[in-house]
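The structure under discussion appears below in the form of C-alpha coordinates.
The values are calculated or read from the model by the stated rules, or taken from the named source; none is laboratory data. Keep in mind that what you see is a predicted model, and the values were worked out from it rather than measured. So basically every Cβ, Gly included, is an ideal-geometry build from the backbone, and we count neighbours across all protein chains shown. Accessible surface is based on the protein model in full, side chains and every heavy atom, while ligands, DNA and RNA are left aside. Shrake-Rupley method; radii C 1.70, N 1.55, O 1.52, S 1.80 Å.
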Amino acid sequence: FSFRKLWAFTGPGFLMSIAYLDPGNIESDLQSGAVAGFKLLWVLMLATIIGLLLQRLAARLGVVTGLHLAEVCNRQYQKVPRIILWLMVELAIIGSDMQEVIGSAIAINLLSVGKIPLWGGVLITIADTFVFLFLDKYGLRKLEAFFGFLITIMALTFGYEYITVKPSQEKLLKGLFIPYCQNCGTTQLEQAVGIVGAVIMPHNMYLHSALVKSRQVNRANKREVREANKYFFIESCIALFVSFIINIFVVTVFAEAFFEKTNADVNGVCMNASSPHSSLFPNNNETLEVDIYKGGVVLGCYFGPAALYIWAIGILAAGQSSTMTGTYSGQFVMEGFLNLRWSRFARVLLTRSIAITPTLFVAIFQDVEHLTGMNDFLNVLMSLQLPFALIPILTFTSLPSVMNDFANGL
(Lines give C-alpha, C1' and ligand atoms only; values in the text may rest on other atoms or scores of the structure.)
Protein backbone atom coordinates (compact mmCIF):
# COMPACT_ATOMS: atom_id res chain seq x y z
CA PHE A 1 0.00 0.00 0.00
CA SER A 2 1.24 3.48 -0.88
CA PHE A 3 -0.32 6.81 0.14
CA ARG A 4 1.40 8.41 -2.85
CA LYS A 5 -0.40 6.02 -5.22
CA LEU A 6 -3.69 6.56 -3.39
CA TRP A 7 -3.25 10.31 -3.87
CA ALA A 8 -2.59 9.76 -7.60
CA PHE A 9 -5.88 7.87 -7.93
CA THR A 10 -7.85 10.28 -5.69
CA GLY A 11 -10.34 12.49 -7.50
CA PRO A 12 -12.94 10.49 -9.47
CA GLY A 13 -14.49 9.02 -6.29
CA PHE A 14 -14.95 12.46 -4.71
CA LEU A 15 -16.49 13.82 -7.92
CA MET A 16 -18.83 10.82 -7.92
CA SER A 17 -19.67 11.26 -4.21
CA ILE A 18 -21.12 14.73 -4.88
CA ALA A 19 -24.23 13.00 -6.29
CA TYR A 20 -24.73 11.68 -2.72
CA LEU A 21 -24.77 15.28 -1.46
CA ASP A 22 -26.99 17.10 -3.95
CA PRO A 23 -29.95 19.27 -2.80
CA GLY A 24 -32.32 16.35 -3.49
CA ASN A 25 -30.39 14.30 -0.95
CA ILE A 26 -30.31 17.13 1.58
CA GLU A 27 -34.06 17.67 1.25
CA SER A 28 -34.71 13.93 1.55
CA ASP A 29 -32.52 13.91 4.70
CA LEU A 30 -34.27 16.80 6.42
CA GLN A 31 -37.73 15.48 5.54
CA SER A 32 -36.94 11.97 6.84
CA GLY A 33 -35.67 13.56 10.08
CA ALA A 34 -38.74 15.78 10.46
CA VAL A 35 -41.22 13.02 9.50
CA ALA A 36 -39.67 9.90 11.07
CA GLY A 37 -37.10 11.22 13.56
CA PHE A 38 -34.05 8.93 13.80
CA LYS A 39 -35.99 5.85 12.57
CA LEU A 40 -34.83 5.85 8.93
CA LEU A 41 -31.07 6.30 9.52
CA TRP A 42 -30.52 2.57 8.88
CA VAL A 43 -32.12 2.98 5.42
CA LEU A 44 -29.65 5.78 4.67
CA MET A 45 -26.71 3.63 5.80
CA LEU A 46 -27.78 0.55 3.81
CA ALA A 47 -28.46 2.66 0.70
CA THR A 48 -24.96 4.19 0.99
CA ILE A 49 -23.34 0.72 1.36
CA ILE A 50 -25.25 -0.61 -1.68
CA GLY A 51 -24.29 2.56 -3.55
CA LEU A 52 -20.62 1.92 -2.71
CA LEU A 53 -20.78 -1.65 -4.08
CA LEU A 54 -22.39 -0.42 -7.31
CA GLN A 55 -19.84 2.40 -7.69
CA ARG A 56 -17.09 -0.19 -7.25
CA LEU A 57 -18.54 -2.17 -10.17
CA ALA A 58 -18.77 1.01 -12.30
CA ALA A 59 -15.13 1.91 -11.57
CA ARG A 60 -13.97 -1.66 -12.34
CA LEU A 61 -15.79 -1.59 -15.68
CA GLY A 62 -14.05 1.67 -16.67
CA VAL A 63 -10.61 0.53 -15.50
CA VAL A 64 -10.69 -2.97 -17.05
CA THR A 65 -12.33 -2.15 -20.42
CA GLY A 66 -11.16 1.44 -20.98
CA LEU A 67 -14.79 2.23 -21.85
CA HIS A 68 -17.50 3.83 -19.75
CA LEU A 69 -20.90 2.20 -19.16
CA ALA A 70 -22.73 4.08 -21.95
CA GLU A 71 -20.06 3.04 -24.49
CA VAL A 72 -20.30 -0.61 -23.40
CA CYS A 73 -24.13 -0.45 -23.71
CA ASN A 74 -23.70 0.97 -27.22
CA ARG A 75 -21.52 -1.99 -28.20
CA GLN A 76 -23.45 -4.77 -26.46
CA TYR A 77 -27.14 -3.89 -26.98
CA GLN A 78 -29.37 -3.78 -30.04
CA LYS A 79 -30.87 -0.47 -31.16
CA VAL A 80 -34.25 -0.63 -29.33
CA PRO A 81 -33.00 -1.53 -25.80
CA ARG A 82 -30.13 0.94 -26.29
CA ILE A 83 -32.54 3.82 -27.02
CA ILE A 84 -34.83 2.82 -24.12
CA LEU A 85 -31.85 2.80 -21.73
CA TRP A 86 -30.66 6.18 -23.02
CA LEU A 87 -34.12 7.76 -22.57
CA MET A 88 -34.43 6.38 -19.01
CA VAL A 89 -30.99 7.70 -18.03
CA GLU A 90 -31.77 11.11 -19.57
CA LEU A 91 -35.01 11.18 -17.54
CA ALA A 92 -33.01 10.47 -14.36
CA ILE A 93 -30.51 13.24 -15.24
CA ILE A 94 -33.32 15.75 -15.90
CA GLY A 95 -34.99 14.89 -12.57
CA SER A 96 -31.70 15.18 -10.69
CA ASP A 97 -30.83 18.44 -12.46
CA MET A 98 -34.17 19.97 -11.52
CA GLN A 99 -33.46 19.28 -7.84
CA GLU A 100 -29.91 20.65 -8.08
CA VAL A 101 -30.76 23.87 -9.94
CA ILE A 102 -33.84 24.57 -7.81
CA GLY A 103 -31.74 23.92 -4.67
CA SER A 104 -29.11 26.44 -5.78
CA ALA A 105 -31.84 28.97 -6.65
CA ILE A 106 -33.43 28.54 -3.18
CA ALA A 107 -30.02 29.07 -1.53
CA ILE A 108 -29.48 32.26 -3.56
CA ASN A 109 -32.98 33.44 -2.58
CA LEU A 110 -32.23 32.85 1.13
CA LEU A 111 -28.82 34.55 0.95
CA SER A 112 -30.30 37.59 -0.82
CA VAL A 113 -33.11 37.83 1.79
CA GLY A 114 -35.70 37.17 -0.93
CA LYS A 115 -34.47 39.93 -3.27
CA ILE A 116 -33.50 37.45 -6.01
CA PRO A 117 -36.59 35.42 -7.05
CA LEU A 118 -36.49 31.69 -7.75
CA TRP A 119 -36.31 32.10 -11.55
CA GLY A 120 -33.46 34.62 -11.12
CA GLY A 121 -31.51 32.09 -9.05
CA VAL A 122 -32.10 29.45 -11.78
CA LEU A 123 -30.64 31.78 -14.44
CA ILE A 124 -27.60 32.56 -12.24
CA THR A 125 -27.06 28.81 -11.68
CA ILE A 126 -27.23 28.12 -15.43
CA ALA A 127 -24.65 30.83 -16.15
CA ASP A 128 -22.16 29.92 -13.41
CA THR A 129 -22.32 26.21 -14.28
CA PHE A 130 -20.92 27.08 -17.71
CA VAL A 131 -18.17 29.14 -16.07
CA PHE A 132 -17.17 26.35 -13.67
CA LEU A 133 -17.20 23.71 -16.41
CA PHE A 134 -14.40 25.51 -18.20
CA LEU A 135 -12.24 25.26 -15.07
CA ASP A 136 -11.03 21.89 -16.29
CA LYS A 137 -9.19 23.67 -19.09
CA TYR A 138 -6.63 24.33 -16.36
CA GLY A 139 -6.29 20.60 -15.64
CA LEU A 140 -8.50 17.91 -14.14
CA ARG A 141 -6.64 17.94 -10.81
CA LYS A 142 -7.52 21.63 -10.29
CA LEU A 143 -11.17 20.88 -11.01
CA GLU A 144 -11.08 17.94 -8.58
CA ALA A 145 -9.51 20.23 -5.96
CA PHE A 146 -12.34 22.73 -6.49
CA PHE A 147 -14.93 19.98 -5.93
CA GLY A 148 -13.03 18.96 -2.80
CA PHE A 149 -13.30 22.58 -1.60
CA LEU A 150 -17.09 22.53 -2.11
CA ILE A 151 -17.41 19.24 -0.18
CA THR A 152 -15.39 20.83 2.66
CA ILE A 153 -17.81 23.79 2.73
CA MET A 154 -20.74 21.34 3.03
CA ALA A 155 -19.03 19.43 5.84
CA LEU A 156 -18.31 22.66 7.77
CA THR A 157 -21.76 24.25 7.29
CA PHE A 158 -23.87 21.18 8.07
CA GLY A 159 -21.41 20.23 10.83
CA TYR A 160 -22.03 23.68 12.36
CA GLU A 161 -25.79 22.98 12.40
CA TYR A 162 -25.12 19.57 14.02
CA ILE A 163 -22.98 21.09 16.81
CA THR A 164 -25.57 23.86 17.35
CA VAL A 165 -28.55 21.49 17.68
CA LYS A 166 -26.68 18.72 19.62
CA PRO A 167 -28.75 15.64 18.56
CA SER A 168 -29.05 12.67 20.94
CA GLN A 169 -26.15 10.27 20.27
CA GLU A 170 -28.08 7.35 21.78
CA LYS A 171 -31.00 7.83 19.35
CA LEU A 172 -28.54 8.30 16.50
CA LEU A 173 -26.81 4.95 17.14
CA LYS A 174 -30.16 3.19 17.67
CA GLY A 175 -31.48 4.59 14.39
CA LEU A 176 -28.34 3.47 12.52
CA PHE A 177 -28.02 -0.09 13.76
CA ILE A 178 -31.57 -1.24 14.60
CA PRO A 179 -33.70 -1.66 11.45
CA TYR A 180 -37.10 -0.60 12.71
CA CYS A 181 -39.75 2.01 12.07
CA GLN A 182 -42.24 1.93 14.91
CA ASN A 183 -45.62 3.61 14.24
CA CYS A 184 -44.63 4.37 10.63
CA GLY A 185 -47.21 4.88 7.89
CA THR A 186 -47.45 5.84 4.22
CA THR A 187 -45.55 9.12 4.67
CA GLN A 188 -42.57 7.40 6.31
CA LEU A 189 -42.58 4.65 3.66
CA GLU A 190 -42.49 7.26 0.89
CA GLN A 191 -39.53 8.91 2.65
CA ALA A 192 -37.71 5.53 2.85
CA VAL A 193 -38.20 4.96 -0.91
CA GLY A 194 -37.14 8.58 -1.52
CA ILE A 195 -33.91 8.05 0.46
CA VAL A 196 -32.94 5.13 -1.81
CA GLY A 197 -33.69 7.20 -4.93
CA ALA A 198 -31.83 10.23 -3.59
CA VAL A 199 -28.73 8.27 -2.52
CA ILE A 200 -28.27 5.78 -5.39
CA MET A 201 -28.35 7.90 -8.54
CA PRO A 202 -28.77 5.87 -11.77
CA HIS A 203 -26.64 8.20 -13.89
CA ASN A 204 -23.87 8.22 -11.28
CA MET A 205 -22.74 4.76 -12.42
CA TYR A 206 -22.28 6.10 -15.95
CA LEU A 207 -20.35 9.07 -14.54
CA HIS A 208 -17.99 7.05 -12.31
CA SER A 209 -17.13 4.56 -15.06
CA ALA A 210 -16.10 7.52 -17.25
CA LEU A 211 -14.18 9.50 -14.60
CA VAL A 212 -11.76 6.64 -13.82
CA LYS A 213 -10.55 6.80 -17.44
CA SER A 214 -8.74 10.03 -16.53
CA ARG A 215 -5.94 7.96 -14.91
CA GLN A 216 -3.40 6.20 -17.11
CA VAL A 217 -3.49 2.42 -16.57
CA ASN A 218 -1.72 -0.19 -18.69
CA ARG A 219 -4.65 -2.56 -19.30
CA ALA A 220 -2.36 -5.24 -20.72
CA ASN A 221 -0.75 -5.53 -17.28
CA LYS A 222 -3.07 -7.37 -14.86
CA ARG A 223 -1.11 -6.22 -11.81
CA GLU A 224 -1.60 -2.55 -12.78
CA VAL A 225 -5.32 -3.06 -13.41
CA ARG A 226 -5.72 -4.86 -10.06
CA GLU A 227 -3.82 -2.06 -8.31
CA ALA A 228 -5.97 0.63 -9.95
CA ASN A 229 -9.16 -1.20 -8.91
CA LYS A 230 -7.88 -1.40 -5.33
CA TYR A 231 -7.01 2.30 -5.02
CA PHE A 232 -10.21 3.48 -6.72
CA PHE A 233 -12.21 1.33 -4.26
CA ILE A 234 -10.34 2.74 -1.24
CA GLU A 235 -10.92 6.28 -2.52
CA SER A 236 -14.64 5.56 -3.08
CA CYS A 237 -14.91 4.22 0.50
CA ILE A 238 -13.37 7.42 1.91
CA ALA A 239 -15.48 9.71 -0.31
CA LEU A 240 -18.78 7.97 0.47
CA PHE A 241 -17.97 7.83 4.18
CA VAL A 242 -17.56 11.64 4.12
CA SER A 243 -20.86 12.05 2.23
CA PHE A 244 -22.58 9.66 4.67
CA ILE A 245 -21.42 11.70 7.69
CA ILE A 246 -22.69 14.93 6.07
CA ASN A 247 -26.08 13.27 5.36
CA ILE A 248 -26.23 12.10 9.01
CA PHE A 249 -25.63 15.71 10.15
CA VAL A 250 -28.74 16.86 8.26
CA VAL A 251 -31.05 13.96 9.25
CA THR A 252 -30.19 14.17 12.95
CA VAL A 253 -30.46 17.98 13.13
CA PHE A 254 -34.06 17.87 11.88
CA ALA A 255 -34.88 14.67 13.81
CA GLU A 256 -33.75 16.26 17.09
CA ALA A 257 -35.16 19.74 16.60
CA PHE A 258 -38.31 19.34 14.49
CA PHE A 259 -39.68 15.77 14.74
CA GLU A 260 -43.40 15.86 15.73
CA LYS A 261 -43.40 19.67 15.81
CA THR A 262 -46.60 21.42 14.68
CA ASN A 263 -47.00 24.55 12.56
CA ALA A 264 -48.21 26.38 15.68
CA ASP A 265 -45.00 25.49 17.58
CA VAL A 266 -42.80 26.91 14.83
CA ASN A 267 -45.07 29.91 14.22
CA GLY A 268 -44.76 30.92 17.89
CA VAL A 269 -40.95 30.63 17.88
CA CYS A 270 -40.66 32.57 14.58
CA MET A 271 -42.96 35.32 15.91
CA ASN A 272 -40.83 35.63 19.07
CA ALA A 273 -37.69 35.78 16.93
CA SER A 274 -39.29 38.55 14.80
CA SER A 275 -38.68 36.46 11.69
CA PRO A 276 -40.05 37.96 8.44
CA HIS A 277 -41.00 34.41 7.41
CA SER A 278 -43.49 33.70 10.26
CA SER A 279 -46.40 33.63 7.77
CA LEU A 280 -44.91 30.48 6.18
CA PHE A 281 -46.27 28.46 9.10
CA PRO A 282 -50.03 28.77 9.74
CA ASN A 283 -51.08 28.83 13.38
CA ASN A 284 -52.62 25.33 13.43
CA ASN A 285 -51.88 21.91 14.92
CA GLU A 286 -50.94 20.18 11.67
CA THR A 287 -47.54 18.44 11.62
CA LEU A 288 -44.72 20.63 10.36
CA GLU A 289 -43.73 20.07 6.71
CA VAL A 290 -40.27 21.26 5.71
CA ASP A 291 -38.23 21.51 2.53
CA ILE A 292 -34.85 23.13 1.81
CA TYR A 293 -36.36 26.64 1.97
CA LYS A 294 -38.57 26.16 5.05
CA GLY A 295 -35.80 24.13 6.70
CA GLY A 296 -33.44 27.10 6.53
CA VAL A 297 -36.14 29.45 7.84
CA VAL A 298 -36.96 27.12 10.77
CA LEU A 299 -33.26 26.83 11.68
CA GLY A 300 -33.04 30.64 11.61
CA CYS A 301 -36.07 30.97 13.93
CA TYR A 302 -34.77 28.44 16.49
CA PHE A 303 -31.01 29.01 16.38
CA GLY A 304 -30.52 32.54 15.07
CA PRO A 305 -29.93 34.18 11.65
CA ALA A 306 -26.39 32.72 11.45
CA ALA A 307 -27.88 29.20 11.27
CA LEU A 308 -30.07 30.25 8.32
CA TYR A 309 -27.23 31.83 6.29
CA ILE A 310 -24.77 29.00 7.05
CA TRP A 311 -27.45 26.51 5.95
CA ALA A 312 -27.95 28.45 2.68
CA ILE A 313 -24.17 28.46 1.99
CA GLY A 314 -24.11 24.66 2.44
CA ILE A 315 -27.08 24.21 0.07
CA LEU A 316 -25.43 26.51 -2.50
CA ALA A 317 -22.21 24.46 -2.36
CA ALA A 318 -24.27 21.25 -2.77
CA GLY A 319 -26.23 22.67 -5.70
CA GLN A 320 -23.25 24.15 -7.54
CA SER A 321 -21.11 21.02 -7.31
CA SER A 322 -23.90 18.60 -8.26
CA THR A 323 -25.10 20.64 -11.27
CA MET A 324 -21.59 20.35 -12.70
CA THR A 325 -21.38 16.58 -12.16
CA GLY A 326 -24.89 16.24 -13.64
CA THR A 327 -23.69 18.05 -16.75
CA TYR A 328 -20.69 15.72 -17.04
CA SER A 329 -23.04 12.71 -16.73
CA GLY A 330 -25.20 14.10 -19.54
CA GLN A 331 -22.17 14.52 -21.78
CA PHE A 332 -20.84 10.98 -21.22
CA VAL A 333 -24.29 9.40 -21.63
CA MET A 334 -24.96 11.26 -24.89
CA GLU A 335 -21.50 10.49 -26.29
CA GLY A 336 -21.70 6.81 -25.37
CA PHE A 337 -25.26 5.92 -26.36
CA LEU A 338 -25.56 8.09 -29.47
CA ASN A 339 -21.89 8.05 -30.50
CA LEU A 340 -21.99 11.83 -30.90
CA ARG A 341 -18.73 13.71 -31.38
CA TRP A 342 -19.74 17.31 -30.81
CA SER A 343 -17.69 20.22 -29.56
CA ARG A 344 -17.56 20.53 -25.78
CA PHE A 345 -19.60 23.76 -25.77
CA ALA A 346 -22.36 22.30 -28.01
CA ARG A 347 -22.68 19.20 -25.80
CA VAL A 348 -22.89 21.26 -22.61
CA LEU A 349 -25.43 23.60 -24.20
CA LEU A 350 -27.69 20.73 -25.28
CA THR A 351 -27.52 18.75 -22.01
CA ARG A 352 -28.13 21.92 -20.00
CA SER A 353 -31.09 22.93 -22.17
CA ILE A 354 -32.77 19.51 -21.83
CA ALA A 355 -32.65 19.75 -18.04
CA ILE A 356 -33.08 23.49 -17.55
CA THR A 357 -36.24 24.05 -19.61
CA PRO A 358 -38.64 22.20 -17.23
CA THR A 359 -36.76 23.65 -14.24
CA LEU A 360 -37.27 27.21 -15.47
CA PHE A 361 -41.00 26.57 -15.95
CA VAL A 362 -41.27 25.29 -12.37
CA ALA A 363 -39.34 28.33 -11.07
CA ILE A 364 -41.51 30.84 -12.96
CA PHE A 365 -44.91 29.31 -12.19
CA GLN A 366 -44.28 27.96 -8.67
CA ASP A 367 -43.25 30.10 -5.71
CA VAL A 368 -40.32 29.19 -3.47
CA GLU A 369 -42.59 28.25 -0.56
CA HIS A 370 -44.41 25.34 -2.28
CA LEU A 371 -41.83 22.97 -3.74
CA THR A 372 -41.91 20.08 -1.22
CA GLY A 373 -44.12 17.75 -3.25
CA MET A 374 -41.97 18.12 -6.37
CA ASN A 375 -38.83 16.92 -4.57
CA ASP A 376 -40.60 13.87 -3.10
CA PHE A 377 -41.89 12.96 -6.57
CA LEU A 378 -38.42 13.34 -8.15
CA ASN A 379 -36.76 11.16 -5.48
CA VAL A 380 -39.30 8.38 -6.06
CA LEU A 381 -38.75 8.82 -9.84
CA MET A 382 -35.02 8.16 -9.23
CA SER A 383 -35.88 4.91 -7.44
CA LEU A 384 -37.98 3.81 -10.42
CA GLN A 385 -35.10 4.56 -12.83
CA LEU A 386 -32.58 2.45 -10.86
CA PRO A 387 -33.14 -0.88 -12.69
CA PHE A 388 -32.19 0.76 -16.00
CA ALA A 389 -28.69 1.36 -14.62
CA LEU A 390 -28.45 -1.74 -12.38
CA ILE A 391 -29.22 -4.34 -15.06
CA PRO A 392 -26.42 -3.19 -17.45
CA ILE A 393 -23.76 -2.72 -14.74
CA LEU A 394 -24.51 -6.07 -13.06
CA THR A 395 -24.66 -7.87 -16.41
CA PHE A 396 -21.48 -6.49 -17.98
CA THR A 397 -19.27 -6.82 -14.90
CA SER A 398 -20.15 -10.54 -14.70
CA LEU A 399 -19.38 -11.29 -18.37
CA PRO A 400 -15.88 -12.70 -19.08
CA SER A 401 -16.26 -11.49 -22.69
CA VAL A 402 -16.34 -7.90 -21.36
CA MET A 403 -14.24 -8.08 -18.16
CA ASN A 404 -11.79 -10.92 -19.06
CA ASP A 405 -10.20 -12.22 -15.84
CA PHE A 406 -11.87 -9.47 -13.77
CA ALA A 407 -15.46 -10.69 -14.22
CA ASN A 408 -17.48 -11.08 -11.01
CA GLY A 409 -18.14 -14.62 -9.83
CA LEU A 410 -21.79 -13.91 -8.98
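Using a 4.7 Å Cβ cut-off, which Cys residues in the chain lack a partner cysteine?
So, Cys73, Cys237.
Got a number for carbon plus sulfur as a percent of the range 3-406's accessible area, 1.4 Å probe?
It is 65 percent, rounded to a whole number.
The range 26-88: D in µm²/s via Stokes-Einstein (Kirkwood Rh, Cα pairs, 20 °C, 1.002 mPa s)?
Translational diffusion coefficient: 148 µm²/s.
Take Leu140, project a point 7 Å from its Cα along the Cβ direction, then tell me which residues of the range 225-259 have their backbone nitrogen under 18 Å from it.
Answer for this model: 225-237, 239.
Where does each of 24-36, 88-100 land if you order them by average Cβ count within 10 Å, highest first?
Most protected by this proxy first, the peptides run 24-36, 88-100.
Using r as the Cβ-Cβ distance of Phe377 and Thr357, and R0 as 22 Å, what FRET efficiency do you calculate, to the nearest 0.05?
With a Förster radius of 22 Å, E is 0.80.
Sequence gap at least 6, Cα distance under 8 Å: using those rules, report the relative contact order of the chain to the nearest whole percent.
39 percent.
Which value, in Å² and to the nearest 10, is the accessible area of Lys39 when all protein chains are kept and the probe is 1.4 Å?
Around 40 Å² of this residue is reachable by solvent.
Subtracting the Cα-Cα distance from 0.36 nm times the residue separation, let me have the gained length for Ala407 to Lys115 in nm, one decimal.
Residue separation times 0.36 nm, minus the Cα-Cα distance, leaves 99.6 nm.
Once fully extended, how much extra length lies between Asn272 and Lys174, figured as 0.36 nm per residue of separation less the alpha-carbon to alpha-carbon distance?
31.9 nm
Let me know the Kirkwood hydrodynamic radius for the range 203-315, please, with Cα pairs as the basis and the value in Å to one decimal.
17.5
For the chain, what is Rg from Cα atoms divided by 2.2 N^0.38 Å, rounded to two decimals?
Normalised Rg, Cα atoms only: 0.97.
Listed highest first by mean packing, meaning other Cβ atoms within 10 Å per residue, what order do 222-233, 150-161 come in?
150-161, 222-233
Let me see the P(r) profile for the range 111-243: every Cα-Cα distance counted, bins of 5 Å, each bin given as a percent of all pairs.
P(r) for the range 111-243, in whole percents per bin: 2, 6, 8, 13, 17, 16, 13, 11, 8, 4, 1, 0.
What residues of the range 194-227 lie in the reach of a label at Ala8, counting those whose backbone N is under 18 Å from a point 7 Å from the Cα along Cα→Cβ?
Inside the label zone: 212-227.
For the chain, what is the accessible area per residue in Å² when the probe is 1.4 Å?
Per residue, the chain has 41 Å² of solvent-accessible surface.
Between Leu349, Leu360, Leu207, which gets the highest mean-square fluctuation from a Gaussian network model of the chain, Cα cutoff 10 Å?
Leu349
With unit charges on the beta carbons (Lys and Arg positive, Asp and Glu negative) and the dipole taken about the Cα centre of the chain, which residue among Ile393, Phe149, Val251 sits farthest to the positive side?
Going by the charge dipole, the pick is Ile393.
For Trp7, what charge total do you get from the other residues with a beta carbon under 13 Å from its beta carbon, if Lys and Arg give +1 and Asp and Glu give -1?
Neighbour charge sum, excluding Trp7 itself: +2.
As a test of the formula, what do you get for the chain when each DSSP H run with n ≥ 4 contributes -39,500 (n - 2.57) and the sum is divided by the residue count, at 222 nm and rounded to the nearest 500 deg cm²/dmol?
-25500 deg cm²/dmol
May I ask you to derive the FRET efficiency for Phe149 and Thr262 from their Cβ-Cβ distance with R0 = 41 Å, giving the value to the nearest 0.05?
Computed FRET efficiency for Phe149 and Thr262: 0.55.
Using the structure shown, list the pairs from Lys5/Lys142; Lys142/Lys213; Lys115/Lys142; Lys79/Lys222; Lys166/Lys294 with a Cα-Cα distance above 25 Å, or answer none.
Lys115/Lys142; Lys79/Lys222
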